[in-house]
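Quick note: the coordinates plus some simple rules give every number you see, no bench work behind them. What you see is a predicted model, and the numbers here were worked out from it, not measured in a lab. Note that each Cβ is placed from the backbone with ideal geometry, even for glycine, and that neighbours are counted across all protein chains shown.
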Amino acid sequence: MTVWVLWFAAISTAGGLRVETGTPAALCPDIGEVRRAVRDRLNVEGEGEWLASYDLVHRPSADAGDVVRIELRDPAGRVRLQRDLPRSGESCVALAQAVALLLESFFRHPADPPAARSTAATAAAPASAPVVIAAAPAPQPALGWGPAVDVMGAWAAGPSSPGVALDVWYGGRSASSWAAGIGGVWLAKEQTIGIEYGTGQGTGTVRSALLRGWVARRLRLAPAAEILVGPELVLAVDRMETSGVPLGMSNHREAFGGGARASARLRLAPRVALSLVTALDYTPRALAPEFQLVDQGRDLYPSPEVRLFVGLGLGLALFP
């Protein structure tokens with residue numbers, strides 16, 4: 001019985017690829033998931049055992065964040081492959097597939113020299129020199145993800161007024177993802193108009209607010225900066241109150257429209273960003289009700305058709 005056990009152990013270690021991790025408590029990527037992904041992609045045969053190992057490395061001072069460090073050794077113990085994969089913004093399953101794909105690429109072309117070395121330099125290098133597979137850098141993850149809130153001081157034109165804006169939105173964690181949100185703008189300045197009737201004159205005051213719904217494409221420009229560009233829908237709400245006008249009363253109206261929105265975000269801290277938002281919208285006057293006095297056929301305060309918005313403030317994301 002002992003002879004058969006020793007024979008089976010010898011056959012089991014005669015060749016192949018073994019996958020291990022130096023940080024099993026990190027759980028992402030899971031060692032079982034990595035082994036399944038490697039087993040699904042490649043089968044290594046030959047004398048001796050190859051060893052692939054990976055570790056989760058924390059780099060708090062680096063802009064790119066944590067990495068998964070991969071190392072491949074041949075049966076003689078020589079390092080044949082070294083590579084860091086970005087951890088931030090990737091799922092555990094995606095990381096496991098990336099490790100398997102990297103190993104598959106090496107065994108498919110194990111004799112390829114590194115791209116950065118010339119043919120002459122490669123020919124002069126000793127046979128035991130490690131081979132490093134060059135690959136394109138992974139795309140940067142989005143600048144913060146999950147629920148987020150932006151609070152901004154704003155200026156609007158159409159009508160012209162300072163204001164306060166609040167955006168609540170959600171952004172994905174992958175690179176170049178989409179984001180969507182809703183927001184409100186409260187204009188601080190009231191618009192005052194003169195109302196003539198018969199032999200007298202009264203006044204009307206109009207206060208406005210805007211509600212917005214938008215989607216945007218997130219484009220990473222630098223490790224700490226991104227822009228969001230996309231369309232939006234807008235609902236403008238005007239409320240008029242009159243004074244000194246017989247039978248005068250308060251009323252409100254809604255104007256619908258749409259336009260384009262662009263914002264730039266600069267990260268100041270892991271979850272805090274400086275946000276600059278601009279939007280240009282068109283609200284057709286023909287679709288908006290009119291403010292009229294009884295027995296008068298004119299609009300006291302025509303609804304603005306072109307509306308411009310600029311906001312600057314701080315944004316807080318739930319996850320960095």
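Values as computed for the structure displayed
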{"quantity": "For the range 145-319, the spread of Cα positions along each principal axis, largest first, Å", "calculated": "67, 27, 20"}
{"quantity": "Charge dipole (the range 145-319, unit charges on Cβ, about Cα centre) - positive-most of Ser250, Ser177, Val277", "calculated": "Ser177"}
{"quantity": "Net charge dipole size for the range 145-319 [Lys, Arg +1 and Asp, Glu -1 on Cβ; Debye, nearest 20]", "calculated": "940"}
{"quantity": "Computed FRET value (nearest 0.05) for Glu45 with Ala76, which takes r as the C-beta separation and R₀ as 22 Å", "calculated": "0.85"}
